[in-house]
1. Give me the net charge for the shell around L262: Cβ to Cβ below 14 angstrom, other residues only, Lys and Arg +1, Asp and Glu -1.
2. Round to a whole angstrom and tell me the spacing of the C-alpha centers of region 14-42 and region 46-107.
3. Can you flag which of K168/K237; K168/K402; K84/K105; K299/K330; K168/K330 are past 28 Å Cα-Cα?
4. Can you list residues from other chains, or at least 5 along the same chain, whose modelled amide H is less than 5 Å from the amide H of R381?
5. Provide the packing ranking of 304-314, 318-328, i.e. peptides ordered by the mean count of other C-beta atoms within 10 Å per residue, highest first.
6. Taking Cα pairs under 8 Å and at least six residues apart, what relative contact order does region 1-117 come out at, in percent?
7. Please state the shape class of region 77-148: rounded when a/c is under 1.5, otherwise prolate if a/b exceeds b/c and oblate if not, all from the C-alpha gyration tensor.
8. Which residue, V302, V230, V174, tops the fluctuation ranking in a GNM of the chain built on C-alpha contacts under 10 Å?
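Just so you know, all these numbers are worked out from the coordinates, no wet-lab data involved. Please read these numbers as outputs of a predicted model, since none were measured by experiment. Cβ placement follows ideal geometry from the backbone for every residue including glycine, while neighbour counts extend to all protein chains displayed.
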Amino acid sequence: MLVATVLLVIAAALPPQFQAKVQEGAAALDKNDLARARAAFEQATRIAPNEAGGWLMLAQTCARQKANADALAAARKAETLGAKNPQILQGLANFYATLVPDLPKAAAMGQRYAELSPRDVTAWRRLAEFCLNAGLVDQAVAAGTRALAVDNSAATHTVLGSAYLARKDFSRGVAELALALKANPYDEGAHFRLSQAHLMAQDFAGAVEVLLNARRTFDKSPQIELALGVAYYGQRKFPEAIAQFLRTMDLAPDVPQPYLFLGRMMDHLTDRLPEMIDRFTRFQTRNPKSPIGYLLHAKAIVQSLPANGYPPEAAAAFELTQKALALEDKDAEAHYLMGVLLDRQQRYGDAAAQLERSVQLNPKDSAVHFRLARVYDRLGRKDDAVRERELHEKLSEEERAKPR
């Protein structure tokens with residue numbers, strides 16, 4: 001934006017001394033000589049104090065020096081003098097977006113630029129994108145709606161649909177993203193975004209329909225296969241979901257998401273645990289610095305253990321869990337699994353400490369409270385056990401009440 005502003009200022013019918021100082025400042029900026037650049041722009045504003053471009057250049061330079069108070073003072077001068085100048089307003093939008101962040105102010109400057117620049121048909125869409133990224137959701141919807149009047153494109157439908165989704169207006173978000181897909185049917189991202197909109201709306205059947213259609217064109221896309229697995233998981237079609245996650249692993253063996261989803265589905269993998277252990281082991285071997293493989297490998301082993309006792313397989317799971325915790329100590333599930341294995345060893349004090357840490361990291365997991373109540377019973381901590389059972393029952397009821 002600095003270069004564009006310089007060119008704008010130099011082209012203006014202003015005193016040669018002003019243009020010379022602006023050129024001097026721009027050259028200093030190219031060399032990152034901020035002190036010299038600031039001095040040159042300050043002289044330029046004294047030569048032509050009513051020229052907004054000089055004040056904008058000064059504001060940008062002061063901001064790069066971290067002299068924010070001086071930068072804001074210069075920016076206010078630029079805004080007053082350049083209130084009707086689209087280029088100045090665009091420069092101020094960038095200034096408030098990046099150099100001295102004030103996102104509502106940046107959006108206001110961007111809107112004024114768009115209103116004064118009817119020939120720039122992308123201005124409203126770019127403003128909508130900025131507002132969405134800045135979390136200004138209502139402003140993003142308003143700008144996206146204005147954009148449609150001048151730029152009825154797939155890109156505009158995409159940003160407006162995304163803004164509606166951010167506002168949790170799922171029906172409108174789905175409708176806009178469907179129009180974006182219709183305008184660009186061979187864009188894999190358009191298929192994926194529409195499927196995600198359906199998933200956000202808990203419309204799993206709609207997501208499956210979109211993804212099966214996408215698969216006809218993109219039959220080797222890990223992104224599409226993974227999303228289809230998530231949609232089947234949402235429908236509680238577990239065999240279909242498992243098949244999709246395995247297919248995703250085949251296409252992209254080091255993408256962690258399918259492994260994590262299968263880790264949530266251990267109760268549905270009983271007949272396939274040996275295969276899962278093999279898959280998790282291979283992921284672990286290829287990604288030795290990731291805790292995911294170690295934890296899931298250990299979890300699959302624990303799932304295959306008899307109800308009681310501490311066989312050699314449990315010792316292997318213990319070692320794997322230790323490795324996972326060494327890599328990531330803030331994983332609630334890893335602490336829970338360690339607590340389960342310590343409970344099997346009858347090391348109840350250590351088990352309680354691990355389960356308490358798991359609760360601290362994730363207090364909403366009913367299974368951890370149930371296990372902790374059992375351990376407290378064995379430690380003779382009856383009041384604590386009663387409290388944990390009550391929490392388990394409360395959380396279990398909440399989990400059952402959630403929409404499926």
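1. With Lys, Arg at +1 and Asp, Glu at -1, the neighbours total -2.
2. Cα centres, region 14-42 to region 46-107: 16 Å.
3. Details: K168/K237 26 Å; K168/K402 18 Å; K84/K105 16 Å; K299/K330 17 Å; K168/K330 31 Å.
Going by Cα-Cα distance, K168/K330 fall outside the 28 Å limit.
4. none
5. Working: 304-314: 11.7, 318-328: 18.9.
Result, highest mean first: 318-328, 304-314.
6. In percent, rounded to a whole number, it is 20.
7. Cα axes put region 77-148 in the oblate bin.
8. Result for the chain, Cα springs under 10 Å: V302 fluctuates most.
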